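Q: Sharing a structure with you now.
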Amino acid sequence: MPSLDDRRSAAADPSRERFERCFHAHYADLLAFAIRRLAGRDAAEDAVAETFAVAWRRRDRIPDPALPWLYAVALRVIANQYRSNRRRRSLDTRLAHEAGAGEGGPDPAESLSRRDAFASAFARLGEDEREVLRLTAWDGLGPRDAARVLGCSPGAYRVRLHRARRKLAKQLQAAGHIESESGRATTTPAEEIN
């Protein structure tokens, strides 16, 4: 049961109360909407949770009626999930293609060893360095958009990305999983990135 202070703060914040009413009234509708568009209940529940997270951040601007607006937000969330899944599949396909470009078929043990080495080297990076690499490699953002996410200039982002790549290459070199070229790690200079 909510405490007296919770009830007072809810009464003092009409946008919070409106959000709560909206959540209770439309959660089932949004879940059904998402289930019809996504494969699996888990993905649909994630989309609905993200939709209500957006609604919470914009609770003072929830229109009346709220359901059409919530559907529009949910469509954008679902579109983002589709794009993310498409990028992930594309990356998987590209990596599989690159791995298959060698002589014969790839040795599954070698593939597993490379993946483990990469995961280990990636884990040894600082969180800021990992995030810079994720924004480019996993999320597919260019320097301008990634810089917006991190709140820095595109030039500063390029420098951070170059340093993170160089540090990752050094980690992989130290583990013996990539070769150096005349003592240098082979990374892409910041000037060549988008």
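Q: What number does segment 10-84 give for Rg over Rh if you use C-alpha atoms and the Kirkwood radius? Walk me through the numbers before you get to the answer.
A: Numbers: Rg = 12.3 Å, Rh = 12.4 Å.
Answer for segment 10-84: 0.99.
Q: Moving to a separate point now. Suppose the chain between residue 112 and residue 60 were pulled fully straight at 0.36 nm per residue; how much longer would it get relative to their current alpha carbon spacing?
A: Values: separation 52, 0.36 × 52 = 18.72 nm, distance 4.98 nm.
Stretched out fully, the residue 112 to residue 60 stretch lengthens by 13.7 nm.
Q: Let me ask something else about it. Taking the mean number of other Cβ atoms within 10 Å as a proxy for protection, how do you rank 86-95, 148-157, 48-57 from highest to lowest?
A: Packing order, densest peptide first, comes out as 48-57, 148-157, 86-95.
Computed from the coordinates by the stated procedures, all read-outs in this text should not be read as laboratory data. This one's a predicted model, so the numbers in the text were calculated from it and none came from an experiment. Neighbour counts run over all protein chains shown; Cβ positions are idealised from the backbone, glycine included.
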